[in-house]
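Encoded as structure tokens, the structure appears first; notes follow it.
The values are calculated or read from the model by the stated rules, or taken from the named source; none is laboratory data. Worth saying up front: this structure is predicted, and the values here are computed from it rather than measured. Cβ placement follows ideal geometry from the backbone for every residue including glycine, while neighbour counts extend to all protein chains displayed.
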Number of protein chains: 2
Amino acid sequence: MAKVTSQDVAKLAGVSQSAVSRVFTPGASVSKEMADKVRQAADELGYRPNILARSLITGNSRIIGVVVSYLNNQFYPEILEILSAELRKRGYHPLMFMASENDDMDEVMSEILDYQVDGVVLLSVNMSSALAERCRAASIPVVLFNRYLEKDRFHAVTTNNYEGGSKVAELFIAAGHQRIGYIAGWEETSTQRDREKGFVDTLKKAGIELFDRQVGNYNYEETIQATRTMFTSQEYPDAVFFANDHMAFAALGVLEKELGLKVPEDVSVVGFDDVPLASWPVFNLTTVRQPAKSMVAETIRLLFDVDSNASQPIHIEIDGPLMIRNSAKVPQGYTS
Amino acid sequence: MAKVTSQDVAKLAGVSQSAVSRVFTPGASVSKEMADKVRQAADELGYRPNILARSLITGNSRIIGVVVSYLNNQFYPEILEILSAELRKRGYHPLMFMASENDDMDEVMSEILDYQVDGVVLLSVNMSSALAERCRAASIPVVLFNRYLEKDRFHAVTTNNYEGGSKVAELFIAAGHQRIGYIAGWEETSTQRDREKGFVDTLKKAGIELFDRQVGNYNYEETIQATRTMFTSQEYPDAVFFANDHMAFAALGVLEKELGLKVPEDVSVVGFDDVPLASWPVFNLTTVRQPAKSMVAETIRLLFDVDSNASQPIHIEIDGPLMIRNSAKVPQGYTS
């Protein structure tokens, strides 16, 4: 069978060849009527427009590589959903790469580059400097999402995590808490470091030292252990800040169901992220919101609207409001 | 700058050109040492292997289009994670398409076909027969995941939902429940229909009619309303089956926090899916497990190992065990 060309489609549809081309170019302007006519003719002839062939000419694959290390923290599915919808508006789609901590990130990045992606978003994944150079050499914009690297080799979008931690400390201080605990996330991450520093610095200014500190590594099971350790001492905290919501949920199970403590009467609990679960009545978690939509919008801007060769890496920090619910004591009339 | 070829890379690395080609062919056999040598030479020269160019020759893009309608039900992120990891083992990656119920699925499918995908997986998405023909014409295997269509136009992988519903009915009957309610999922879906039919048929055989039925549409907010409606009558059910876990979680908030009922003392609650949340101590939900790993394994098999032109559409149904936890009364010594 002879290969069907866009000319054949144009002829059958009774339109120009450039109209056919526009119909199959994501983001190009074309009327619904024209699109229907052309697609119908294309279907009839078995014509398959070819993004891949076009990408060889234009250099655009219309693919953004997205690397995710885990999806069981509800924050990431939410981001993936918003990111995917926003990319689609621009005629792009995310190609997913699951990479666990055990994966060789160099290998993962090689796989991504093999697809001639037009950009890369790293969700909660750290990246080596060798990889940085490789992407720079290939002129591919890379955005770190919810992380940044000390050496600022890449664009990064984060919440202002230091400020967020500070807001939690202010709430605990205002509520008169004295024995204040902290459950840390994975220590290698900027989110963990900044949230803790903002929290501890602000407590210190009020003359309060951390009463207890354990590590949950952003992991459900480890947080259950960390919470048990913290709350089986004779004296335990009357308020605990968890470096993300996912850990706070794990702890609430231990505190309420296992140890029979009342939240917030016996202990105030605050998280970070404001994932959809946080507002469910069974949790009703006071938490610092990561503004998912704004964070994704900034990510899109860094991918598409900033010349990655011309500019220095940009780190965007977005303010995250404290969402006051029922898991932490609140002084009357308190506003964060 | 002259284009760097695989020959240049072979020369610098001191290996054959076919070795270079193997290194950049996902799934091809190559030693770690060889791969390192070749990739280093490729980096040095700025060589970018080109899956897209190769796909024009071989016809393989190494991309599987995955259509998802929503990710807030934790079942889908879990599936996406497993599917992504399994595809990667075969040298493929999923290209994500978020499609809401309002989207024109014809348009979405056109976008997918534009990428020359090697297969399509539809997670909880229904598909029109026009699209079916289009995929068949393009010889692209399509697998419906967690859904099937009455007319069996596509391969489909589901849990045995009828049996699952039946198991829940058996538990309620054995526990002596008399006023049994059902909260339905989205009525257009095979999952909803089969789970309800298995549940209601088995109750009928025991001479029990459904006491109340409401519709939650697999939606969190709608389920909150449906639960309120069901439980603000003078007489309310003493056991309710929710067509998925996501709805059961919504209901637990209403029952325990809002209406002050005890689960399972006042009312037994059972869900369907066994998402990770179900085993969290705050929920401890009795539910029918959808065996995610087996379902993904069958999906992969249908995508890669079945000749889609030669065979009739295959519907794989996998048995889902009842996971007994603490949200429903259990007669002593009961085994499902």
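All of (1) on the phi > 0 side of the Ramachandran plot; (2) surrounded by 18 or more Cβ atoms within 10 Å (Cβ to Cβ) hold for B:Gly176 with one exception: (2). Restricting attention to the stretch A:232-250, the residues being in contact (Cβ under 8 Å) with a residue 40 or more places away in the chain and closer than 24 Å to A:Asn160 by Cβ number 10. Only residues that are closer than 17 Å to B:Leu285 by Cβ and within 22 Å of the chain's Cα centre (by Cα) were counted in the stretch B:216-245, giving 9.
Which ones in the stretch B:285-311 are farther than 24 Å from B:Arg88 by Cβ and under 22 Å from the mean Cα position of the chain (by Cα)? Give the steps one after another, and end with the answer.
Going residue by residue through the stretch B:285-311, those that are farther than 24 Å from B:Arg88 by Cβ are B:285-289, B:309-311.
Scanning the stretch B:285-311 gives B:Leu285, B:Thr286, B:Thr287, B:Val288, B:Arg289.
Evaluation of B:Gly164 against the conditions (1) touching a strand residue (DSSP E or B) at 6+ places or on another chain (Cβ under 9 Å); (2) over 20 Å from B:Met98 (Cβ atoms); (3) free of Cβ contacts under 8 Å to residues at least 40 places away in the same chain; (4) not hydroxyl-bearing (Ser, Thr, Tyr) shows that the sole unmet condition is (3). A:Glu265 falls short on exactly one of the conditions (1) crowded, with 16+ Cβ neighbours inside 10 Å; (2) modelled with pLDDT of 95 or more; (3) over 19 Å from the mean Cα position of the chain (by Cα), and that condition is (1).
Listed by first and then second residue, the pairs linking a residue in the stretch A:1-13 that is assigned to a helix (DSSP H, G or I) to a residue that is modelled with pLDDT of 85 or more and of a type in the set (Lys, Arg), with Cβ atoms under 9 Å apart and 6 or more places separating them unless they lie on different chains, are A:Ala13/A:Lys37.
Are there helices (runs of 4 or more DSSP H) fully within the stretch B:220-311 with at least 1 residues that are of a type in the set (D, E, K, R) and more than 20 Å from B:Asn72 (Cα to Cα)? List them. If you could, list the steps in order and put the result at the bottom.
Values: elements: B:220-231, B:245-252, B:292-304.
Helices (runs of 4 or more DSSP H) meeting the threshold: B:220-231, B:292-304.
Taking B:Val270 as the residue in question, decide whether it is within 20 Å of B:Trp186 (Cα to Cα), buried (at least 19 other Cβ atoms within 10 Å of the Cβ), within 11 Å of another protein chain (Cβ to nearest Cβ) and in contact (Cβ under 8 Å) with a residue 60 or more places away in the chain. Give the steps one after another, and end with the answer.
Numbers: within 20 Å of B:Trp186 (Cα to Cα): yes; buried (at least 19 other Cβ atoms within 10 Å of the Cβ): yes; within 11 Å of another protein chain (Cβ to nearest Cβ): no; in contact (Cβ under 8 Å) with a residue 60 or more places away in the chain: yes.
No; evaluated as a whole, the condition is false for this residue.
Among the residues of the stretch B:282-329, the one identified as free of Cβ contacts under 8 Å to residues at least 12 places away in the same chain and crowded, with 16+ Cβ neighbours inside 10 Å is B:Val282.
Restricted to the stretch B:260-281, and to residues that are touching a Ser or Thr at 6+ places or on another chain (Cβ under 8 Å) and hydrophobic (A, V, I, L, M, F, W, C), which residue is farthest from B:Ser327 (Cα to Cα)?
To start, the set of residues in the stretch B:260-281 that are touching a Ser or Thr at 6+ places or on another chain (Cβ under 8 Å) comprises B:263-264, B:268-274, B:278.
Cutting the leftovers down to hydrophobic (A, V, I, L, M, F, W, C) gives us B:263, B:269-270, B:272, B:278.
Details: B:Val263: 6, B:Val269: 5, B:Val270: 7, B:Phe272: 13, B:Ala278: 10 Å.
Selected residue: B:Phe272.
Close contacts from the stretch B:202-231, counting a first residue that is under 14 Å from B:Val168 (Cβ atoms) and a second that is acidic (Asp, Glu), with Cβ to Cβ under 8 Å and a gap of 6+ residues or different chains, come to B:Thr202/B:Glu170; B:Leu203/B:Glu209. Filtering the stretch B:232-246 to residues that are surrounded by 21 or more Cβ atoms within 10 Å (Cβ to Cβ) and either over 18 Å from B:Ile324 (Cα atoms) or not assigned by TED's automatic domain parsing to the domain that holds B:Leu171 (or both) leaves only B:Pro237.
If the condition is being of a type in the set (Lys, Arg) and either farther than 25 Å from A:Gln116 by Cα or in contact (Cβ under 8 Å) with a residue 24 or more places away in the chain (or both), then the stretch B:85-123 contributes only B:Arg90.
This table checks each residue for (1) crowded, with 21+ Cβ neighbours inside 10 Å; (2) hydroxyl-bearing (Ser, Thr, Tyr); (3) at pLDDT below 90.
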{"site": "A:Arg39", "(1), (2), (3)": "yes, no, yes"}
{"site": "A:Leu45", "(1), (2), (3)": "no, no, yes"}
{"site": "A:Arg54", "(1), (2), (3)": "no, no, yes"}
{"site": "A:Gly59", "(1), (2), (3)": "no, no, yes"}
{"site": "A:Pro77", "(1), (2), (3)": "yes, no, no"}
{"site": "A:Arg90", "(1), (2), (3)": "no, no, no"}
{"site": "A:Asp103", "(1), (2), (3)": "no, no, yes"}
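Condition check for B:Glu81 on (1) acidic (Asp, Glu); (2) assigned to a helix (DSSP H, G or I); (3) at pLDDT below 90: one failure, at (3). Among the residues of the stretch A:280-297, those identified as over 27 Å from A:His155 (Cα atoms) and more than 10 Å from chain B (Cβ to nearest Cβ) are A:Leu285, A:Thr286.
Here A:Thr229, A:Thr158 are screened, and the one residue that is of a type in the set (S, T, N, Q) and surrounded by fewer than 18 Cβ atoms within 10 Å (Cβ to Cβ) is A:Thr229.
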